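Visitor: First the structure, which I've put down as structure tokens, then a few questions once you've had a look.
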Number of protein chains: 2
Amino acid sequence: MEKVTIKDVAKHAGVSVATVSRVVNNNYYVSPEVARTVVQAISELKYVPNLVARSLKKDATFSLGVLVSDITNNYFIEMAKAVEDIVSKQGYSLIVCSTENSRKRELAYLELLISRKIDGLILNTTGENDEYVVGLSRKIPVVAINRKIKDTGFRGDLVDSNSIQGAYELTTHLLDLGHRKIFVLNGSLSVSTGRERFAGFQKAMREVGIKVTDNYPYRYDGNFTLEAGYQGAAAWARLADRPTAMIVMNNMMTVGALKYIQTHGIRVPEEMSIVSYERIENIELFSVQPTIAASDPSLMGGKVAELMLERIQSSGLNNREIVFQPKLLIGNGEGRI
Amino acid sequence: MEKVTIKDVAKHAGVSVATVSRVVNNNYYVSPEVARTVVQAISELKYVPNLVARSLKKDATFSLGVLVSDITNNYFIEMAKAVEDIVSKQGYSLIVCSTENSRKRELAYLELLISRKIDGLILNTTGENDEYVVGLSRKIPVVAINRKIKDTGFRGDLVDSNSIQGAYELTTHLLDLGHRKIFVLNGSLSVSTGRERFAGFQKAMREVGIKVTDNYPYRYDGNFTLEAGYQGAAAWARLADRPTAMIVMNNMMTVGALKYIQTHGIRVPEEMSIVSYERIENIELFSVQPTIAASDPSLMGGKVAELMLERIQSSGLNNREIVFQPKLLIGNGEGRI
DNA sequence: AATGTAAAAGAAAACGATTACATAAGGGGT
DNA sequence: ACCCCTTATGTAATCGTTTTCTTTTACATT
């Protein structure tokens, strides 16, 4: 009753452990009769193979590490779910961890996952341990999501949303509505996503003749968190000449900004228009529904899974980059000037 | 460079593997000088212990299975996060899986987790494999969340929200506002949560002299999903004599119902008042903000972690039940009749 | 009849740790 | 001088699998 191993099955079936193993993995000559006996014994004893032992021997754990910046962000959950849906069919499990954008946490989790011998890593990098990640990337398959691995020498894939394009389109949308004084609520400029979204904003502004330099006055550099969004909106509110519009570079910050807006009774879009990058869960039910630029996290997750499985199967693949084009979903958070 | 094991470290440091192991686990006599050499060797070779091998030997994987009905439900994410925060300090990792309330999926995950040799199971049961779970519960520590394990013989803990009380208070709240025709949007009656919330509703109704029998006309039995919520609201809408209020038994269904309400232009609370069980993420930003009864998932998760760690450490504990009292958070989704 | 090959099964060596057991040196107590 | 205990280290067994060797048998080919 307690702890039945392959040995017990072998004894019970009157065969060697090798034979039992062969039946379990059915990948070698075993006569039908013996196989039947073994199957019988397995079900009688309720034997279930010890995956830990198997992992040790096979040097493969059939588990994948997923390291995202914020597990509270529904966007990542959707993505992880899509990944799981696919890889679980091949027997893989996910260990999902949240770095909270902390260098230390990320490193600690990376080390933990490595010692747990994960077969592959799916990483939304903080950008602060990228040298380490580069090292990893030549030991195990790595697929980066949304944020590029900074260091050269990285060996792996990237599944990204076209941040420049998305931010460009959001900005253009505001410009088309007549806005010229636009507040930009940036994400972390230390990660590619943050920089590129800002670049997309700059590009659109430049096209209407507005130079957005480093000391652009209508700007708040946040770190993609709810709190940063709240603070960013507060920074907007403190300005003497409040911009008529605001572009927020991710969903969490947008929620934070909306909370500020809500609690301070700011009328949208009369006093301020707001647009945002990335999907927000249940936005259809919000009283203020910002227009958003977004790529489908399920689709992205599907691609991540696909690349990962390929990379696990065949080594020596070149780096690949899959870039999704964000779509604009028009809301009610912006008005014509 | 590739794959450095304890043997390599031993050789490099000129000691036996046993000594290296002792240094790594520092739980046995090792002279300071030798220890220093070993530490040196470890860092030079960048040795990291293989947790798979350790698990096999120690018969402990330091990983916990978390099986919830719906990983898309922020409520469970918050809870899982709280659990992780605590158990990770003791070196435990979480494998989180989503059953989608499917018997088959739950069973498959249970078997997978067992063969992965998890040290403990945290389970939001579907109620359909409870005999199996009872069996498990006498092999590894099990902590149930929100839903009771049906079968007798279960050996483990339960962390729950007082469903009867929560539903009772929500109903009473509506009754106090003058409502008498109240539509009830039930969750799965096959799980304790669903049954108890319904019972709480019945109790409150009985107190004002209304018998809610099995063929109560204002009722829809859903299964805690978004889709069920949508359908439930549709069922309400189809009634000739629409009840003036609706009580929805979990957050996902409430979101579904709100979506129906939104897309069909039903005015809240003029045409219908709505109250709900469990927190909804970002409800502050909704245009309709139902009053909710909820227990704090972080607090509950903290308790779950605590019970689990205790159960891992000492065997032979009695079953424990921790019941959180839900609090009413008043919104704007209901009106006086 | 001799030989080659495929099918079937077992014995035993891994995988990378932990740990029970054995051994030895150094001191303190008598 | 003897014994015993503590400290320090090594040897080897073990955890539960998979898999490489073997060996044996049976059958087809010549």
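The values are calculated or read from the model by the stated rules, or taken from the named source; none is laboratory data. Worth saying up front: this structure is predicted, and the values here are computed from it rather than measured. No Cβ is skipped: glycine too gets one built from the backbone with ideal geometry, and neighbour counts run over all protein chains shown.
Visitor: If you check A:Leu64, A:Leu45, which single one turns out to be over 25 Å from B:Tyr132 (Cβ atoms) and more than 10 Å from DNA strand D (Cβ to nearest atom)?
Guide: Values: A:Leu45 fails: over 25 Å from B:Tyr132 (Cβ atoms).
On inspection, the qualifying residue turns out to be A:Leu64.
Visitor: Okay, next question. Does B:Glu100 count as within 11 Å of chain A (Cβ to nearest Cβ) and at pLDDT 95 or above?
Guide: Spelling it out, it is not the case that B:Glu100 is within 11 Å of chain A (Cβ to nearest Cβ) and at pLDDT 95 or above.
Visitor: Same structure again: State whether one or more residues within region B:236-250 are within 14 Å of another protein chain (Cβ to nearest Cβ) and on the phi < 0 side of the Ramachandran plot.
Guide: Step one: filter region B:236-250 for residues within 14 Å of another protein chain (Cβ to nearest Cβ), giving B:248.
Pick out the ones that are also on the phi < 0 side of the Ramachandran plot and you get B:248.
There is at least one residue in region B:236-250 that is within 14 Å of another protein chain (Cβ to nearest Cβ) and on the phi < 0 side of the Ramachandran plot.
A quick yes/no check of all residues on (1) over 23 Å from B:Thr125 (Cα atoms); (2) more than 14 Å from chain A (Cβ to nearest Cβ); (3) modelled with pLDDT under 95:
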| residue | (1), (2), (3) |
| --- | --- |
| B:Ala257 | yes, no, no |
| B:Ser273 | yes, yes, no |
| B:Glu284 | yes, no, no |
| B:Thr291 | yes, yes, no |
| B:Ala305 | no, yes, no |
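Visitor: Determine the pairs where a residue that is farther than 20 Å from B:Ser188 by Cα, located within region B:104-129, has a partner that is part of a loop (DSSP other than H, G, I, E, B) and charged (D, E, K, R) with Cβ atoms under 9 Å apart, the partner being 6 or more residues away or on another chain.
Guide: Every condition considered, the pairs that remain are B:Ile114/B:Lys139; B:Lys117/B:Asp59.
Visitor: Can you tell me how many residues in region A:10-29 are surrounded by 18 or more Cβ atoms within 10 Å (Cβ to Cβ) and either small (Gly, Ala, Ser) or at pLDDT below 90 (or both)?
Guide: We begin by selecting, within region A:10-29, every residue surrounded by 18 or more Cβ atoms within 10 Å (Cβ to Cβ); these are A:10, A:12-13, A:15, A:19-23.
Narrowing further to those that are either small (Gly, Ala, Ser) or at pLDDT below 90 (or both): A:10, A:13, A:21.
Residues meeting the conditions: 3.
Visitor: Taking region A:227-263 as the region of interest, how many residues are closer than 21 Å to A:Arg336 by Cβ and not in a helix (DSSP H, G or I)?
Guide: 8
Visitor: Another question about this same structure. Give the residue, chosen from B:Gly229, B:Gly256, B:Gly166, B:Gly178, that is in contact (Cβ under 8 Å) with a residue 24 or more places away in the chain and under 18 Å from the mean Cα position of the chain (by Cα).
Guide: Working: B:Gly229 fails: under 18 Å from the mean Cα position of the chain (by Cα); B:Gly256 fails: under 18 Å from the mean Cα position of the chain (by Cα); B:Gly178 fails: under 18 Å from the mean Cα position of the chain (by Cα).
Result: B:Gly166 is the single residue among B:Gly229, B:Gly256, B:Gly166, B:Gly178 that is in contact (Cβ under 8 Å) with a residue 24 or more places away in the chain and under 18 Å from the mean Cα position of the chain (by Cα).
Visitor: Quick one: in region A:42-75, of everything that is of a type in the set (Gly, Ala, Ser) and crowded, with 22+ Cβ neighbours inside 10 Å, which residue is nearest to DNA strand C (Cβ to nearest atom)? Break it down into steps so the answer makes sense when it comes.
Guide: Quick first cut of region A:42-75, residues of a type in the set (Gly, Ala, Ser) only: A:43, A:53, A:55, A:60, A:63, A:65, A:69.
Right, trim to crowded, with 22+ Cβ neighbours inside 10 Å and you get A:55, A:63, A:65, A:69.
Values: A:Ser55: 9, A:Ser63: 16, A:Gly65: 18, A:Ser69: 30 Å.
Out of the qualifying residues, it is A:Ser55.
Visitor: How about region B:11-36: which of its residues are more than 45 Å from the chain's Cα centre (by Cα) and within 9 Å of DNA strand D (Cβ to nearest atom)? Break it down into steps so the answer makes sense when it comes.
Guide: Taking region B:11-36 and keeping what is more than 45 Å from the chain's Cα centre (by Cα), we get B:11-16, B:31-34, B:36.
B:Ala13, B:Gly14, B:Val15, B:Ser16, B:Ser31, B:Pro32, B:Glu33, B:Val34, listed by residue number.
Visitor: Can you tell me how many residues within region A:7-21 are assigned to a helix (DSSP H, G or I) and either hydroxyl-bearing (Ser, Thr, Tyr) or within 10 Å of DNA strand C (Cβ to nearest atom) (or both)? Break it down stepwise before answering.
Guide: First, the residues of region A:7-21 that are assigned to a helix (DSSP H, G or I): A:7-13, A:17-21.
Narrowing the set further to residues that are either hydroxyl-bearing (Ser, Thr, Tyr) or within 10 Å of DNA strand C (Cβ to nearest atom) (or both) leaves A:10, A:13, A:17-21.
Of the residues in that region, 7 qualify.
Visitor: Is it true that A:Gly127 is within 16 Å of DNA strand D (Cβ to nearest atom) and at pLDDT below 95? Before you say what the answer is, go through the steps one by one.
Guide: Working: within 16 Å of DNA strand D (Cβ to nearest atom): no; at pLDDT below 95: yes.
Criteria not met by A:Gly127.
Visitor: Oh, and also: Counting only residues that are closer than 30 Å to A:Glu321 by Cβ and not in a loop (DSSP other than H, G, I, E, B), how many does region A:264-296 have?
Guide: Looking only at region A:264-296, we keep the residues that are closer than 30 Å to A:Glu321 by Cβ, and these are A:275-281, A:283, A:290-296.
Next cut, not in a loop (DSSP other than H, G, I, E, B) only: A:275-277, A:283, A:291-294.
Residues in region A:264-296 being closer than 30 Å to A:Glu321 by Cβ and not in a loop (DSSP other than H, G, I, E, B): 8 in total.
Visitor: Would you please name the residue that is farthest from B:Arg147 (Cα to Cα), looking only at residues in region B:44-94 that are within 15 Å of the chain's Cα centre (by Cα) and in a loop (DSSP other than H, G, I, E, B)?
Guide: B:Thr72
Visitor: Can you tell me which residues in region A:200-226 are in contact (Cβ under 8 Å) with a residue 40 or more places away in the chain and under 21 Å from A:Ile337 (Cβ atoms)?
Guide: Going residue by residue through region A:200-226, those that are in contact (Cβ under 8 Å) with a residue 40 or more places away in the chain are A:201, A:223-225.
Matches in region A:200-226: A:Phe201 only.
Visitor: How do the pairs read when you match residues in region A:56-75 that are farther than 14 Å from A:Ser93 by Cα and more than 9 Å from chain B (Cβ to nearest Cβ) with residues anywhere that are at pLDDT 95 or above and assigned to a helix (DSSP H, G or I), using Cβ under 7 Å and keeping only pairs 6 or more apart or on different chains?
Guide: A:Val68/A:Phe76; A:Asp70/A:Phe76; A:Asp70/A:Met252; A:Asn73/A:Asn251; A:Asn73/A:Met252; A:Tyr75/A:Asn251; A:Tyr75/A:Pro297
Visitor: Scan region A:281-291 for residues that are among the aliphatic types (A, V, I, L, M) and touching a residue at least 40 places away in the same chain (Cβ under 8 Å) and report the count. Spell out how you get there, then give the answer.
Guide: Filtering region A:281-291 for residues among the aliphatic types (A, V, I, L, M) gives A:283, A:285, A:288.
After this cut, where a residue has to be touching a residue at least 40 places away in the same chain (Cβ under 8 Å) as well, the list is A:283, A:288.
Number satisfying all stated conditions: 2.
Visitor: Looking only at region A:262-282, which residues are closer than 25 Å to A:Asp70 by Cα and surrounded by fewer than 24 Cβ atoms within 10 Å (Cβ to Cβ)? Even if it seems obvious, please write down each step before you answer.
Guide: First, the residues of region A:262-282 that are closer than 25 Å to A:Asp70 by Cα: A:262-263, A:274-282.
Within region A:262-282, A:Gln262, A:Thr263, A:Arg279, A:Glu281, A:Asn282 qualify.
Visitor: Which of (1) under 38 Å from the mean Cα position of the chain (by Cα); (2) away from DNA strand D (no atom under 12 Å from the Cβ); (3) of a type outside the set (D, E, K, R) is the odd one out, the single condition B:Val4 does not satisfy?
Guide: (1)
Visitor: Quick one: which of B:Leu299, B:Leu317, B:Leu309, B:Leu328 is in a helix (DSSP H, G or I) and over 15 Å from the mean Cα position of the chain (by Cα)? Give the steps one after another, and end with the answer.
Guide: On the way: B:Leu299 fails: over 15 Å from the mean Cα position of the chain (by Cα); B:Leu317 fails: in a helix (DSSP H, G or I); B:Leu328 fails: in a helix (DSSP H, G or I).
Within the list B:Leu299, B:Leu317, B:Leu309, B:Leu328, the selection yields B:Leu309.
Visitor: Say whether the condition of being within 12 Å of another protein chain (Cβ to nearest Cβ) and within 12 Å of DNA strand C (Cβ to nearest atom) is met by at least one residue in region B:22-41. Steps first, please.
Guide: As a first pass, look at region B:22-41 and keep what is within 12 Å of another protein chain (Cβ to nearest Cβ): B:24.
Now narrow it down to the ones that are within 12 Å of DNA strand C (Cβ to nearest atom): B:24.
Scanning region B:22-41 turns up at least one residue that is within 12 Å of another protein chain (Cβ to nearest Cβ) and within 12 Å of DNA strand C (Cβ to nearest atom).
Visitor: Here's a follow-up. Tell me the helices (runs of 4 or more DSSP H) entirely within region B:111-216 that contain at least 3 residues that are within 14 Å of chain A (Cβ to nearest Cβ).
Guide: On the way: elements: B:130-137, B:163-176, B:192-207.
Hits in region B:111-216: B:130-137.
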